[in-house]
Each structure stands twice: as C-alpha cells, then as structure tokens.
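None of the figures in this text is laboratory data; all of them are computed from the coordinates on show. These numbers come from a predicted model, not from an experiment. Cβ placement follows ideal geometry from the backbone for every residue including glycine, while neighbour counts extend to all protein chains displayed.
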Amino acid sequence: MAKIISISNQKGGVGKTTTTGAIAAGYKSQGYRVLCVDLDPQSNLSFSSGAETEDCPTIYEILKGEAKTTFSIQKLPSYDVISSNILLSGIELEFTQTGREFLLKEQLSVVKDKYDYIFIDTPPALSILTVNAFTASDYIIIPMLADIFSLQGIAQLSETIERVKKYCNPNLKVEGIVLTKFNPRTILSREIKGTAELIAQQLDTSIFKSTIRSSVSIMEAQTNQQDIFNYSPKNPATMDYMDLVKELIERGI
Ligand SMILES: Nc1ncnc2c1ncn2[C@@H]1O[C@H](COP(=O)(O)OP(=O)(O)O)[C@@H](O)[C@H]1O
Ligand SMILES: [Mg+2]
C-alpha cells in the first residue's frame, strides 16, 4: 500500500516541484515503485519529467470523473506521472458539490496497491486542490527558503492543515520542513535557521537534518527534462536530496 506524501507550501518558488521530482527519483533509485501526481495547473513537474500534458488524460479529467486513474498514468524513465495542465485552474469554480475535498483520495485509492510511494506536487495556493492533496496524504513535507519572508503565511498554512485534520483526514502529519537553496556557511542562513525552527514549532514538526544547497544543475536538469540523479549525480544538491531520501527512509517513511 503506497504512502502518500504531499510537497506543499503556498509560496511559489520555494522548491516544491524540484523537491517532488528529486525525492521521487531518489526513492525510485532505491528500488521503490513511485508515482508522482502533478496537482499544479502550471504543470512544471509534468514538463520537467517529460510528461505529455495535451491530448492525454490528466489529473483534471481524473478529478472530474472523465478518465480512469489507471489509464492516465504515464510511465517515464524517472518515475510514473499523472500530469496536469492549465484546465486544472478552473476546478475551484467547477467543483462545488459536497465531498469535493475527497475527490483525489478516492481516485488514488484505485492505484494505491501498485506503488510504494505517491508524491503530490501542489500549487502555490491554499486552494481546493491543496485541500484535496492534504486529504489524500499521510504526510506533508514543506520546502522552505531560508529567508525572512518565509514566516509570512505560516499561520494560514497551519490553519489549513488543522482544518483538514479536523474535517477530512485526522491522521495527516507534517513530517518536516526542508530548507532549500540553503547555504549553511553564511551567517544569515544560520540566523534564518533559528527562524525556521520557530516555524517548525508552530506547525508541530521539525526541520530535516538534510538541507539542500543551491546549484545551477537543478534548473539545467529540469530544462533537459531529466531527473538530477541522471543528469548530475555528483552535484552537491543531488547529494543533498539523496541524504534527504535516506533521512526519510530512516524515519520509516
Ligand atoms: N537547490 C536549488 N538550487 C538552485 N535552483 C533551484 C534549487 N531548487 C529549486 N531551484 C529553482 O528555483 C525555481 C523554483 O523552484 P520550484 O521547485 O519550481 O519551486 P515551486 O514549485 O515551489 O514554485 C526553479 O527555477 C528551480 O529550478
Ligand atoms: Mg511548483
């Protein structure tokens, strides 16, 4: 039975998509069966993994009940993907029925026994899509930049998580915060780590020991539609993501 993990933070540009792709590829390299669900209408994860987004069933059709989950999975070199496209942005207005928070959970339950891990990349918003991701998930991983603006919006994120726990998914757990584009050697970064620890307390979680360094190879790999383990295995950021995967596995995830 797959563990389902959402990678989430309502801020854009913090490394959600990068982290989703990297840990998915990392788990796959360890021999696990991995599916990624792109739940962001901007479809960055779909693009960076080389998935089709047009003229194929996407997560939008799945949520609408117009396509079967099993037939919408694209088997790609790095991992399996359910892609998204811009149509997904209409979902907030289109889905008004009771139970709409549970659509993704229901659709993923059909393929749960075919995978060890299902990772969900979420949009930079606390929308019905994010609520669907949290409702379907066992764990949330929060990528965060080590900057002073990271504090803003944490209260809303915390409130959304609490509401999902109360009404939709009592077993949901925030597994941890991963600091991305982090340079441990600057004094500023170290100070911000203190701030991040306060945020972790607010969310009743902790900061992962593994932090992810900045590297241009990350964007190059995405542009070339390859995962970083293939594109640049010896890169510092690649090794950091491998450490994160090992840390997660050690935690029993
Ligand atoms: N460790 C890193 N080093 C350098 N660039 C990174 C790193 N992580 C992410 N990026 C880049 O930062 C941008 C935002 O990352 P992304 O994963 O798309 O964030 P989000 O999904 O939260 O919006 C992308 O251009 C990505 O290539
Ligand atoms: Mg993204």
ask   = Between Q201 and S217, what is the label-to-label distance in nm when each label sits 7 Å out along the Cα-to-Cβ direction?
value = 3.7 nm
key: Radius ratio Rg over Rh of the chain, counting only Cα atoms, Kirkwood formula for Rh   = 0.94
Whole-angstrom gap from segment 71-86 to segment 198-253, using each part's C-alpha centre = 21 Å
request  = Pop a pseudo-label 7 angstrom from the Cα along the beta-carbon direction at both K209 and T186 and give the gap in nm to one decimal.
outcome  = 2.6 nm
inquiry  = Placing one identical point scatterer on every Cα of segment 1-142 and ignoring solvent, what is log10 I(q)/I(0) from the Debye formula at q = 0.15, 0.19 Å⁻¹?
reply    = -0.63, -1.09
Net charge, D116 excluded, C-beta distance under 12 Å - Lys, Arg +1, Asp, Glu -1 = +3
remark   = Looking only at lysines whose Cα falls under 20 Å of K166's and that sit 8 or more positions away or on another chain, we get K105
request  = Let me have the relative contact order for the chain, percent, based on Cα pairs under 8 Å that are six or more residues apart.
outcome  = 25 percent
task = For T58, enumerate residues with amide H under 5 Å from its amide H, sequence gap 5+ or separate chain, H modeled in the peptide plane.
result = none
ask   = Could you give me the ³J(HN,Hα) list for segment 177-193, computed from phi with Karplus coefficients 6.51, -1.76, 1.60 and θ = phi - 60°, whole Hz, x at Gly and Pro?
value = 10, 10, 7, 10, 6, 9, 10, x, 7, 7, 4, 4, 4, 5, 5, 5, 4
remark   = Magnitude of the Cβ-charge dipole (Lys and Arg +1, Asp and Glu -1) of the chain about the Cα centre, nearest 20 debye, reported as 640 debye
task = Evaluate Rg over Rh across segment 62-159, taking Cα atoms for both radii and Kirkwood's formula for Rh.
result = 0.98
note = Once the in-chain neighbours fewer than 8 apart are removed, the lysines whose Cα is under 28 Å from K193 read K11, K16, K165, K173, K181, K209, K234, K246
query = Taking θ as phi - 60°, what are the ³J(HN,Hα) couplings along segment 90-98 by the Karplus curve (6.51, -1.76, 1.60), each to the nearest whole Hz, with x for Gly and Pro?
reply = x, 5, 4, 7, 6, 9, 10, 6, 4
remark   = So L93 and Q30, fully extended at 0.36 nm per residue minus their Cα-Cα distance, gain in nm 18.6 nm
inquiry  = If exposed means no more than 13 neighbouring beta carbons inside 10 Å and the site is in a DSSP loop, what's the longest run of the chain without any exposed trypsin sites (Lys or Arg not before Pro)?
reply    = 1-184
Segment 34-40 - phi-based ³J(HN,Hα) in whole Hz, Karplus 6.51/-1.76/1.60, Gly and Pro as x = 10, 10, 10, 10, 8, 10, 10
note = Hydrodynamic radius by Kirkwood for segment 109-253, inverse mean 1/r across distinct Cα pairs, in Å, is 16.6 Å
remark   = At q = 0.15, 0.17, 0.20, 0.29 1/Å the base-10 log of I(q)/I(0) from the Debye formula over the alpha-carbon atoms of segment 29-92 is -0.41, -0.52, -0.70, -1.31
